[in-house]
Each structure stands twice: as C-alpha cells, then as structure tokens.
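Asks: Before I ask anything, let me first share the structure, which is written out below as structure tokens.
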Amino acid sequence: MHDLAVKCRNIWPGLGITAITGMAALFLSEHYHAPAMLFALLLGMAVSFLYQDDKPCASGIEFTASTLLRAGVVLLGLRIALGDLAVLGWKTALWLAGAIFFTIVLGIVLAKFLGLQKRFGALTGGSVSICGASAALAISTILPKGENHERDTLLTVIGVTAMSTIAMVVYPIVVDQLGMNDTEAGIFLGGTIHDVAQVVGAGYSVSQDAGDMATLTKLVRVAMLVPVVIIMMMVIKRFYTAKNQADSANVPKMPLFLVGFILLMLLNSFVALPSVVIETGTSISRFFLVVSITAIGMKSNLGKLAEVGVLPIVIIVTETLWIGLFILGYLYLIK
C-alpha cells in the first residue's frame with residue numbers, strides 16, 4: 001500500500017501538467033478549428049524541458065505516454081460495432097482491407113528504398129491507412145523499441161495530422177470536381193482521410209448523407225486496427241525467431257489494451273448500450289489520446305527530429321496519394 005502511495009505521488013506532477021496542457025490543446029482546437037493532436041504536440045514540445053534531466057514530472061509524463069495511451073485506445077472500441085461492416089457491404093469492406101494492406105507494404109518498401117528502418121514504414125503505412133494518430137500510437141506500442149522509437153512515433157503523428165488536415169480542406173473540392181454522389185463522396189472521404197475528426201468535418205461539409213457514409217466508412221477502417229496489429233505482432237515475432245535474436249524483451253507480446261479494445265467492440269456490437277455511455281467513453285478516449293500526444297511531445301527532442309530531414313514526409317505524402325488513388329479506382333470500378 002505504501003509503494004502504491006509513493007508511486008501515485010511520483011506520477012501526479014507529470015500527470016497533472018500533461019492533463020492541463022492537453023486541455024489547453026482542446027481549447028485551442030475548438031476556438032481555432034485546427035486538429036487538437038497538432039496543438040497537443042506543439043504545446044508538449046514547447047515544455048519538453050519538464051521531462052529532461054530526471055525532473056519531478058518525468059514519471060508522470062512516462063505514465064501518460066504509456067498507460068493513459070493504452071486506456072485511450074481501449075475506449076476506441078466503443079465507437080465500433082460489427083454491424084458497421086454489414087451496412088457498408090462486403091465489397092467495400094474488402095477493398096478497404098486491400099487499401100490498408102497495400103499502403104502498409106508501400107510504406108515498408110519506400111522506407112527500405114530511402115534508407116530508413118522498415119518498422120518506420122510499417123508505422124506510417126498503418127497510420128495513413130487506418131486512423132491517423134490513433135493508429136500510430138497503437139502500432140508504436142507493439143513495435144520493437146529501438147533508439148529512435150519515440151522520434152519515429154512523433155514524426156508519424158506530425159505527418160499524418162498535417163496531411164489529414166490538408167485532405168479535409170482539399171478532398172471535398174476533389175469530390176465536387178469529380179461529380180461524385182453522396183455515397184461515393186462518403187466512401188472516398190471516409191476511405192482516404194486519416195483522422196476521424198477530419199473525416200467528419202470533410203464529410204458533413206459536403207452533405208448530411210455524405211457525412212454519415214464517410215463516418216461509417218472511417219469506423220470500418222478503425223475496426224481493422226485490431227487485425228493489423230495482430231498480424232504485425234506475428235510477423236515481428238517470426239522475424240525475431242528466424243534471426244535468433246537474443247534480446248527476447250523486444251519481441252512483442254499480446255498487449256492487454258488490444259484485448260480490451262476487442263471486448264468493448266464486441267460489447268457494443270451485441271449489447272444496446274445507452275448513447276450516453278458511448279458518447280462519454282468516446283470523449284474520455286479522445287481526451288486520453290490528446291493528453292498522451294502531449295506527453296510524447298514533452299519527451300521529444302527537436303534536435304533529433306531535425307536530423308531526419310524530409311524523407312519521412314516524402315513517405316507519408318506518397319502513402320496518402322496512393323490510398324487516395326486506390327479508393328478512387330474502386331469507385332470507378334463499381335460505376
């Protein structure tokens with residue numbers, strides 16, 4: 001009991017400062033209509049000195065960037081129901097799965113070609129193809145922890161958030177120029193824009209029906225986070241076994257947060273939960289993820305970010321264009 005009290009006392013300063021900074025990010029997001037994740041990153045990096053040199057806040061920031069992050073991902077399960085797949089149709093769901101698979105493969109190939117680590121390509125590919133910053137945070141927890149693990153996660157979050165914001169503005173114009181109907185517009189916007197909030201913003205800027213379809217399509221992509229993470233874990237584990245790696249600590253285990261995500265998704269699928277429960281869980285999930293991003297920003301080192309150059313941005317931009325063309329190809333085929 002005494003150890004628990006000491007641990008809580010050590011965590012509290014960092015947890016408090018990340019929560020306050022996260023709330024500031026949400027305030028700025030609501031008043032200036034920009035992504036909360038981006039504000040959270042910038043504010044976190046601005047006060048990164050709080051984490052350096054084993055300051056009193058370091059333990060709480062570590063807790064927020066790990067434990068609170070996992071709790072936020074678990075609560076994402078309340079947003080998804082298996083019935084979403086049936087409503088969208090198996091052809092569209094299968095095409096979305098293909099888009100995710102080939103985008104991740106493209107990311108890995110590009111990373112290897114440009115001299116970056118393949119796990120960075122898997123991280124960016126998964127983030128672009130599934131659900132942006134949320135997917136980046138979830139996937140980063142099961143990737144082997146290397147020297148640049150935190151830096152790669154931060155770069156990915158910055159890149160996908162920026163591209164998602166640009167897409168929210170540009171893609172509705174593309175939809176109008178191509179003369180898409182509401183269903184086609186919803187599938188395109190929901191199947192290509194990275195973050196859920198930007199999908200909602202873009203979809204409902206076109207029409208109510210387009211917004212509904214875009215949100216549904218996006219939630220199906222989010223549901224695919226679970227199988228993608230499981231497959232990545234299996235591949236990584238097989239890689240380490242094949243290479244006879246002695247450092248078994250780096251081999252990912254089935255994370256409890258993923259089990260929690262699945263359980264909440266199944267609960268939402270088979271039990272008629274009150275809307276207040278789903279809305280409250282969604283709001284808490286968003287807050288936890290924003291606060292976690294703030295903590296990751298605090299842990300960042302701007303000097304290391306500057307060393308990487310433009311190559312990570314090239315990968316994320318290419319992946320974004322690829323998945324956009326992939327979904328456009330599907331819409332052309334079903335006409």
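The values are calculated or read from the model by the stated rules, or taken from the named source; none is laboratory data. Since we're looking at a predicted model, the values are computed, not measured. With ideal geometry, Cβ positions are generated from the backbone for all residues, glycine too; neighbour counts draw on all protein chains shown.
Okay, residues lined up against (1) in contact with a strand residue (DSSP E or B) (Cβ under 9 Å, 6 or more places away or on another chain); (2) modelled with pLDDT of 90 or more; (3) not small (Gly, Ala, Ser):
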position	(1), (2), (3)
103	no, yes, yes
107	no, yes, no
120	no, yes, yes
133	no, no, no
136	no, no, no
142	no, no, yes
150	no, no, yes
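Asks: Looking only at the stretch 85-107, how many residues end up being free of Cβ contacts under 8 Å to residues at least 60 places away in the same chain and either of a type in the set (D, E, K, R) or more than 15 Å from residue 319 (Cα to Cα) (or both)? Steps first, please.
Replies: Going through the stretch 85-107, the residues free of Cβ contacts under 8 Å to residues at least 60 places away in the same chain turn out to be 86, 89-90, 94, 101, 105.
This time we only want the ones that are either of a type in the set (D, E, K, R) or more than 15 Å from residue 319 (Cα to Cα) (or both), so: 86, 89-90, 94.
Qualifying residue count, the stretch 85-107: 4.
Asks: How many residues does the stretch 40-68 hold that are surrounded by fewer than 24 Cβ atoms within 10 Å (Cβ to Cβ) and either β-branched (Val, Ile, Thr) or outside any loop (DSSP other than H, G, I, E, B) (or both)?
Replies: 18
Asks: Give the residues of the stretch 311-335 that are surrounded by fewer than 18 Cβ atoms within 10 Å (Cβ to Cβ) and modelled with pLDDT under 90, sorted by residue number.
Replies: 311, 313, 332, 333, 334, 335
Asks: Which condition number in (1) at pLDDT 90 or above; (2) over 21 Å from residue 332 (Cβ atoms) is the one that residue 129 fails?
Replies: (2)
Asks: I'd like the full set of residues that are surrounded by fewer than 22 Cβ atoms within 10 Å (Cβ to Cβ) and closer than 20 Å to residue 283 by Cβ, limited to the stretch 192-215.
Replies: 197, 200, 201, 204, 215
Asks: Among residues belonging to the stretch 280-310 that are exposed (fewer than 14 other Cβ atoms within 10 Å of the Cβ) and farther than 18 Å from residue 41 by Cα, point out the one that is modelled with the highest pLDDT.
Replies: So the residue we want is 280.
Asks: I would also like to ask the following. Need the failing condition index for residue 97 against (1) touching a helix residue (DSSP H, G or I) at 6+ places or on another chain (Cβ under 7 Å); (2) modelled with pLDDT of 85 or more; (3) closer than 26 Å to residue 128 by Cβ, just the number.
Replies: (1)
Asks: Here's a check for you: in the stretch 47-78, which residue that is among the charged types (D, E, K, R) and at pLDDT 80 or above is nearest to residue 216 (Cα to Cα)? Show your work before the answer.
Replies: Initially, the stretch 47-78 is screened for residues among the charged types (D, E, K, R), giving 53-55, 62, 70.
Those left that are additionally at pLDDT 80 or above: 62, 70.
On the way: 62: 34, 70: 24 Å.
Top of the filtered list is 70.
Asks: Quick check, is residue 189 modelled with pLDDT of 90 or more and either surrounded by fewer than 23 Cβ atoms within 10 Å (Cβ to Cβ) or of a type in the set (Val, Ile, Thr) (or both)?
Replies: no
Asks: Ok, one more. Is it true that some residue in the stretch 156-168 is part of a helix (DSSP H, G or I), touching a Ser or Thr at 6+ places or on another chain (Cβ under 6 Å) and modelled with pLDDT of 90 or more?
Replies: No: zero hits.
Asks: Considering only residues that are of a type outside the set (A, V, I, L, M, F, W, C) and closer than 18 Å to residue 232 by Cβ, which ones fall in the stretch 92-108?
Replies: Within the stretch 92-108, 98, 103, 107 meet the criteria.
Asks: I would also like to ask the following. Tell me, which residue of the stretch 73-97 that is among the small types (Gly, Ala, Ser) and farther than 17 Å from residue 226 by Cβ is surrounded by the fewest Cβ atoms within 10 Å (Cβ to Cβ)?
Replies: Among residues in the stretch 73-97 that are among the small types (Gly, Ala, Ser) and farther than 17 Å from residue 226 by Cβ, the one surrounded by the fewest Cβ atoms within 10 Å (Cβ to Cβ) is 86.
Asks: Next question, about the same structure. (1) over 22 Å from the mean Cα position of the chain (by Cα); (2) closer than 23 Å to residue 162 by Cα: which one isn't true of residue 10, the others all being true?
Replies: Residue 10 satisfies all of (1) over 22 Å from the mean Cα position of the chain (by Cα); (2) closer than 23 Å to residue 162 by Cα except (2).
Asks: Being outside any loop (DSSP other than H, G, I, E, B) and touching a residue at least 60 places away in the same chain (Cβ under 8 Å) is the filter here, so list the residues in the stretch 172-204 that pass it.
Replies: Of everything in the stretch 172-204, those that are outside any loop (DSSP other than H, G, I, E, B) and touching a residue at least 60 places away in the same chain (Cβ under 8 Å) turn out to be 184, 187, 188, 191, 192, 196, 197, 198.
Asks: Has the stretch 105-126 got any residue that is under 22 Å from residue 324 (Cβ atoms), among the charged types (D, E, K, R) and surrounded by fewer than 18 Cβ atoms within 10 Å (Cβ to Cβ)?
Replies: The answer is no; no qualifying residue exists.
Asks: Among the residues of the stretch 108-130, write down those that are free of Cβ contacts under 8 Å to residues at least 12 places away in the same chain and either more than 19 Å from the chain's Cα centre (by Cα) or not in a helix (DSSP H, G or I) (or both). Give the derivation first.
Replies: So in the stretch 108-130, the residues free of Cβ contacts under 8 Å to residues at least 12 places away in the same chain come out as 112-113, 118.
Scanning the stretch 108-130 gives 112, 113.
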